[in-house]
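Submitted below is the structure of interest, expressed as C-alpha cells.
The values are calculated or read from the model by the stated rules, or taken from the named source; none is laboratory data. Since the model is a prediction, treat every value here as computed from it, not as a measurement. Glycine gets a Cβ as well: all are built from the backbone with ideal geometry, and neighbour counts include every protein chain shown. In case anyone asks, the SASA skips ligands and DNA or RNA and just uses the protein heavy atoms, side chains included. Shrake-Rupley method; radii C 1.70, N 1.55, O 1.52, S 1.80 Å.
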Amino acid sequence: MQSSFSKVLFLASVALMLSIISVKAQQVPKDAYLAAAIPDSLKEEANSVVRYSLEEMIVKGPGKATIKQHTIVTVLNEKGNDEASIALSYNRKFNTVGSFEMKVFGPMGNLLKKYHKSDMYDHSAVSGETIVTDDRVLLVGHTIASYPCTIEMTYDEDFKSLTDLSSWLIQDEEQSVQNAYCRINVASNAGFRYSLKNTTIKPEKAVDGESDVYTWKVSNLKAFKLEEGAQSWQVLPRIRFACGNFDYYGVPGDISSWQNFGKFIQMLNADVCNLSPKRIEEIRTMTADLKTDKEKVMFLYNYLQKNMRYVSVQLGIGGLKPFPASFVDEKKYGDCKALSNYMYALLKAVDIPAHYAIVRAGTNEEPADVSFPYNSFNHVIVCVPLKGDTTWLECTSTTQPFGKLSTFTENRNALLVTPDGGKLVNTPRSKEADNQFNSEVHISLLADGGARAKVKIMSSGVYRSDYIEMASLKTDEQKEYLIRVMNMKQPSMLEYAPGKDADGVKEVELNLEYDKFCDITTGSKQFYRPRVFDLWRLTLPPAEKRRSAYFFEQPMQKACVTTIDLPEGFEVEMLPTNQTLKFTYGNYEVNYGYNSAKNQVVSTAKFNLSNQVIPAAKYKEMQEYIENIAKAQNKKLVIRRKA
C-alpha cells in the first residue's frame, strides 16, 4: 500500500513539473514586441513574422471544445496587412466568441491602439449564393500606417457543435515563425488522433487526471514563397485533429472511420429522400417510354437542370442535412445537398440505385486522406453505378453535360454514402479530349498594314464553361476578357457573337478589325505574327531546383487553322518555319503552307497536355518546352509587294 501511494505521489509530481515546464516554455518572450529583435534570417522572403503564438484547445466532450488564441505578429510590409484584421464566425446557440482584444504596437514596442469585442462589426454570414443562414461574423481590422508594425490578438471561442477538431495552421506562405505552440487537452478515452501535413514535429504528451495533454512547438521557421503553379496544401505545414465521436447540432455521430461517418450522413438523410406516391407515379410515367436505365438517368438529370435552381440556405443542421426531396420538388430550388438528394429521390422513384456523394470541391483542391477520416468536405454530387458505366452527376449546374464532372470535383476522393456506410472512391479524371478549344480564323490583310478577321471557336469542357459564363459579362468586360485570356493583339474593333450550344460544344464567333496588324514595314516588305491570338500564352520562370509539382487546371487539347488572304499585289517572301515540339506530357506542332493560286497562307497549330499535374522533376523540361513554344509563336511571316 505504501509503495502504491508513493508511486501515485511520484507520478503526480512528474505531471506537475511537466505542466510548470510547459507553462514557462510558452510564456511570451520579453522582446516579442520589438521589431529590432527579429533575427535577420526570419526576415528573408517574409511579409510577416509570428513572434509568439499559442493555440490552446480544451476538448470537453464529443463535438464540444473551447479554443483560446494568443498571437503576436510583426507585419513587415503591406503584403502582410491581412495580419491586422480578423473575421470570427459564430452563431448564438452552438458557437460563441467570448472575449476579444487586439493591440497595435509600433517598432519599439510602444502601444498605439486597442480594439475590443465591442469594436467589431457584427453581421450575417450571407454571401452571393447563401441567402439565409443563422451563422454570423465578427469583423475588425486596423489600417497600418507605417512598418514594421506588431499586432497582438487574444480571444477565445466556445464550440458545441463539431464533427472534427479543425487544424493547427503552423505557417502561411511568405511568413516566418519565431515561436509557436499548440496545446490540446482531451479525455484519454476520446479516441483522439492527429495527422501531420508537411511537417514531422512530434508532441510532448503528459497526463492530467483522466485527460491527455499534447503540446507541439515550432521555432525559427524561415519564410518561403510558394512556387508558381504549386498548391499550398502540398507545402504549408499543419496538423489536423479529430476524435472518434462527435456531436453536430445535437445529433451524435462517429468519424473514427470513413464507413462510420458515411453511416452518420445516411442517418441524417434517411427521412428526406422520399417523394409522395402521386409524384413517384408521375415520374414513372415521364420515363415509361425510355428503354435503358442510362436513358432514364439522362432524362431525369435534364429535368433537374431545366426545372431546379441552386440557392444556398444554411440553417442549423442544414449545414449537413439536405432539405426534403418533396420540398425541392415543390419550391424548385435547393443547395448542393438538397439538389443531389432530390436527384437521388428521382432515381429511386424509377428503381435506379444511386449514391449521395460528399466531396471537397474546388479546382486542384486537396483530396481526402484515406488513412485519416476527417470532414473537410464542402460539396455534394451523385454517383449512379450503372452496369459497366458508372455515371457522376453535378446537380448544381444547369449547363454541365450529362455524366461530366468539371475541375470543381474531378480527380479526387469522394465519400459515397452506401447502405453499408461510407466508402471513399475516386471521381473520374478528365482527359485532354474532354477539354477542347478548336478554332478557325480567316484574316484578310490590307495593303496599308491593317486587317480584318473572322474567328470561330468551338469549345468543350472547361473552355465551354468559360464561354457560357461570358454571357453574364458586360460587352466591354467580354472584350477585355478575350483579349487577355487569348493573348490577342489589341483590335480597333471587336464584335462578340455567342453561337449555338449543343452536344457539349459551345460555339462563339468574333469579328475583328485592326488599323495596324503589321508589326514592321520596311521598304516593300511587311512583317507579321501570322495569327490573331496565341494558341498557348503561358510562360514559366526557370527553376533549377523545383520542389513542388506544377498544377494546371485541366488536361487540354487545342487546335487552330488560320487562313490569311494576302493583299492584292503582294506575295510571300518567307514563311515561318514548321515546328514540332514535345515533352513528357504534351506536344505542340505548327505547319505553314502557301497557295500561290489563291495567294493565301494556311497554318495549322495543335497543342495538347495529357496530364494536369507535372511532377517537380519534370518542371525544367516543361519550362524549356513552353519557352520554345513562345519562340515558335513569335516567328514572322514576311510578305512583299510584287515587282
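Kyte-Doolittle mean at least 0.0 and Cα extent at least 18 Å along the axis: which DSSP H helices of the chain qualify?
On the way: long enough: 2-25 (34 Å, 1.40); 293-307 (21 Å, -1.02); 336-349 (20 Å, 0.46); 619-633 (21 Å, -1.13).
Qualifying helices: 2-25, 336-349.
Filter the cross-link list Lys79/Lys114; Lys454/Lys606; Lys332/Lys387 down to pairs whose alpha-carbon distance in this structure exceeds 29 Å. Don't jump to the answer; show the numbers that get you there.
Numbers: Lys79/Lys114 22 Å; Lys454/Lys606 19 Å; Lys332/Lys387 31 Å.
From the list (Lys79/Lys114; Lys454/Lys606; Lys332/Lys387), the Cα-Cα distance tops 29 Å for Lys332/Lys387.
Measuring from centroid to centroid over Cα atoms, what is the spacing of segment 192-247 and segment 622-639 in Å?
For segment 192-247 versus segment 622-639, the Cα centre distance is 46 Å.
Identify which of the listed values of Kirkwood radius over Cα pairs in Å was calculated from the structure shown: (1) 27.3; (2) 28.1; (3) 29.1.
For Kirkwood radius over Cα pairs in Å, the calculated option is (3).
Another one. Once every DSSP H run of n ≥ 4 in the chain is given -39500 (n - 2.57) and the sum is divided by its residues, what mean residue ellipticity at 222 nm do you get, rounded to the nearest 500 deg cm²/dmol? Don't skip to the end; give the middle numbers.
Numbers: 9 runs with 116 residues, N = 643.
That calculation yields -5500 deg cm²/dmol at 222 nm.
Roughly to the nearest percent, how much of the accessible area of the chain is carbon and sulfur, given a 1.4 Å probe?
Working: 15720 of 31290 Å².
Whole-percent figure for carbon plus sulfur exposure: 50.
Once the whole set of protein chains is in place, how much accessible area is left on Phe327, using a 1.4 Å probe, in Å² to the nearest 10?
Solvent-accessible area, nearest 10 Å²: 60 Å².
Now for a different question. Nearest 20 debye, what's the magnitude of the dipole of segment 433-641 about its Cα centre given +1 on Lys and Arg Cβ and -1 on Asp and Glu Cβ? Each step should come with its number before you reach the end.
Working: 29 positive and 27 negative charges, 139 e Å.
The dipole magnitude comes to about 660 debye.
Probe of 1.4 angstrom, ligands and nucleic acids ignored: what's the accessible area per residue over segment 257-429, in square angstrom?
Working: 7430 Å² over 173 residues.
Dividing the accessible area of segment 257-429 by its residue count gives 43 Å².
Continuing with the same structure: Greater than 19 Å separation of Cα atoms is the criterion. Which listed pairs, Lys64/Lys93; Lys30/Lys103; Lys263/Lys337; Lys489/Lys516; Lys197/Lys321; Lys456/Lys506, meet it?
On the way: Lys64/Lys93 12 Å; Lys30/Lys103 16 Å; Lys263/Lys337 16 Å; Lys489/Lys516 10 Å; Lys197/Lys321 29 Å; Lys456/Lys506 11 Å.
Correct reply: Lys197/Lys321.
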